[in-house]
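Beneath this line is the structure, given in structure tokens, with notes to follow.
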2 protein chains.
Amino acid sequence: MPRSPGPRGEYAKTAKRRQEIVAAAFDVFARHGYPNSTMSQIAKRAGMTMPGVTHHFPTKSALVEAVLRERDLDSQSHLEGRRGLSVLQGLMENADRDEHEDGLTQLFTILAAEGTGKDHPAHAYLRHRYELILSAVQRAFEEAQADGDLVSGVVPAEAAQVYAALSDGLQLQHLYGVGQVSQTALMRRFLDGMLVTPVEGVTGS
Amino acid sequence: MPRSPGPRGEYAKTAKRRQEIVAAAFDVFARHGYPNSTMSQIAKRAGMTMPGVTHHFPTKSALVEAVLRERDLDSQSHLEGRRGLSVLQGLMENADRDEHEDGLTQLFTILAAEGTGKDHPAHAYLRHRYELILSAVQRAFEEAQADGDLVSGVVPAEAAQVYAALSDGLQLQHLYGVGQVSQTALMRRFLDGMLVTPVEGVTGS
């Protein structure tokens, strides 16, 4: 069945064009790494001129932000309709997926580090993103606690911070190829340590 | 008492000059943040010409590496002559100190992220640095275990990876100003969770 056209032809065309650029950027970033990727490679990959790309995304930062927004929507949709323990399991599944996408992980790692500067173009977006992640994970731990799934003594706000920190820090180790134990195994062990009934099949080796 | 001159005048002069540049770079990075700092600001701060600086340090990356090497020597000297639990306590003290030096923390965070690229000039240095940290922390946990200071079930290699990951990830949260609990409080709580006798005065609030 053909897709129905959008309400306005120009709007739909712009949205499609932006989507093509984001897909091309994702590809180029993942292949060459973020630092080595250039806007002209991305334009070439998208089959467009440089001004055609910069009209939609003036900088590489703006593009990487768009790539991450799209990825975040994917991750969120994987968690939709879940609560408590099931959200935590979904987070582990997202982590499993990310462990095999080094280009994207590197992309996010570098943007997150560079974005710590208050005048970085993606600073506000990234700060807000961290707050959303922390509050979503905290809520999942609170729900799991209310459902009787957590061992006693777990503080949801702290567990959320530790979860996010572990995730970021283990990704960095993974990118450097250091450490004997995989990031997903350690994340699962961390989660299992807080659960009354450890998640099935996640002993982590 | 005056310092004795080095074995060769030229060598000593070069070493002194390099040290002055590193000190100037530390200053400029800490004040303006790594991304905004320029080689010409650093040259000005050191009272030198640009070619004078680039003769010793051709790039900003080379300079930041030198700054970090110096900082690592400081951190290591704080741990000298210790073993086991005492090393772990020393690590927490280093973390306390770092929490108040955002410029330096940001510097390291960005370099560590950018250095994940295998062709980055500091990649080999940073990878080696991670390996040294992981093995030193692992050894400290092994010694603490042999001394009977750890609760049962702790795996030193894993504890080391988790320690390093938490440290990196919580620094990132700190730089973004997100999360309700301080990084040092969470690090201490993590450590206390593994100790037979929690460290004095570190309940973490």
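Sorted from greatest to least, the principal axis extents spanned by the alpha carbons of the protein assembly as shown come out as 88, 56, 33 Å.
A simple spin-label model places the labels of B:GLN76 and A:VAL151 3.7 nm from each other, with each point 7 Å out along Cα-to-Cβ. Tell me the distances, shortest first, between A:GLU10 and the same position across the other copies, using label points 7 Å along Cα→Cβ, in nm to one decimal. Distances to the matching label points in the other copies: 7.0 nm.
Using only Cα atoms, what is the ratio of the radius of gyration of chain A to 2.2 N^0.38 Å?
Numbers: Rg = 19.3 Å, N = 205, 2.2 N^0.38 = 16.6 Å.
The reported ratio for this selection is 1.16.
For the range A:108-170, a crude dipole built from +1 on the beta carbon of Lys and Arg and -1 on the beta carbon of Asp and Glu, taken about the Cα centre, is about 240 debye to the nearest 20.
For each of B:HIS56, B:HIS128, count neighbouring Cβ atoms within 10 Å of the residue's Cβ, then give the residues from fewest to most. Please report the intermediate quantities before stating the final value.
On the way: B:HIS56 17, B:HIS128 12.
Listed from fewest to most nearby Cβ atoms, that is B:HIS128, B:HIS56.
Counting Cβ atoms of other protein chains within 10 Å of each Cβ in B:155-161 and taking the mean gives 4.
With the label put 7 angstrom out from Cα along the Cα-to-Cβ vector, B:GLU93 ends up 4.8 nm from the copy partners, going from closest to farthest.
Sort A:VAL87, A:VAL199, A:VAL64 so that the residue with the fewest other Cβ atoms within 10 Å of its own Cβ comes first and the one with the most comes last. Don't skip to the answer; put the middle values down first.
On the way: A:VAL87 20, A:VAL199 14, A:VAL64 24.
Fewest to most other Cβ atoms nearby, the residues stand as A:VAL199, A:VAL87, A:VAL64.
Roughly what angle does helix A:156-176 make with the longest principal axis of chain A, taking Cα atoms, 0 to 90 degrees, to the nearest 10? Between the helix axis and the principal axis of chain A, the angle is about 60 degrees. In chain A, excluding the sites themselves, the longest stretch lacking any of the GluC sites (Glu not before Pro) that are in a DSSP loop with at most 16 other Cβ atoms within 10 Å is A:102-199. Among A:SER61, B:SER135, a tally of other beta-carbon atoms within 10 Å of each Cβ gives an order, fewest to most, of B:SER135, A:SER61.
Each residue of the range A:36-41 was assigned a 3J(HN,Hα) from its phi angle through the Karplus expression (A = 6.51, B = -1.76, C = 1.60, θ = phi - 60°), giving 8, 6, 10, 4, 6, 4 Hz with x at Gly and Pro. The string of couplings for the range A:13-21 from the Karplus curve (6.51, -1.76, 1.60, θ = phi - 60°) is 5, 4, 4, 5, 4, 4, 5, 5, 5 Hz, one whole number per residue in order, with x for Gly and Pro. For B:THR38, the label point sits 7 Å beyond Cα toward Cβ; its separations from the matching points on the remaining copies run 2.2 nm, from shortest to longest.
For the protein assembly as shown, adding -39500 (n - 2.57) for each run of n ≥ 4 DSSP H residues and dividing by the number of residues yields -23000 deg cm²/dmol at 222 nm.
Taking the longest Cα principal axis of chain B as reference, the axis of helix B:85-99 is set at about 50 degrees.
How shielded is B:123-136 by partner chains, expressed as the average number of their Cβ atoms within 10 Å of its Cβ atoms?
Details: counts 1, 0, 0, 3, 4, 2, 2, 6, 4, 1, 1, 4, 1, 0.
So the per-residue partner count for this stretch is 2.
Laboratory data are not the source of any read-out in this text; all were calculated from the coordinates shown. In this text the structure is predicted, and so the values were computed from the model without any measurement. A quick note on method: Cβ atoms are made from the backbone with ideal geometry, for glycine too, and the neighbour counts reach across all protein chains shown.
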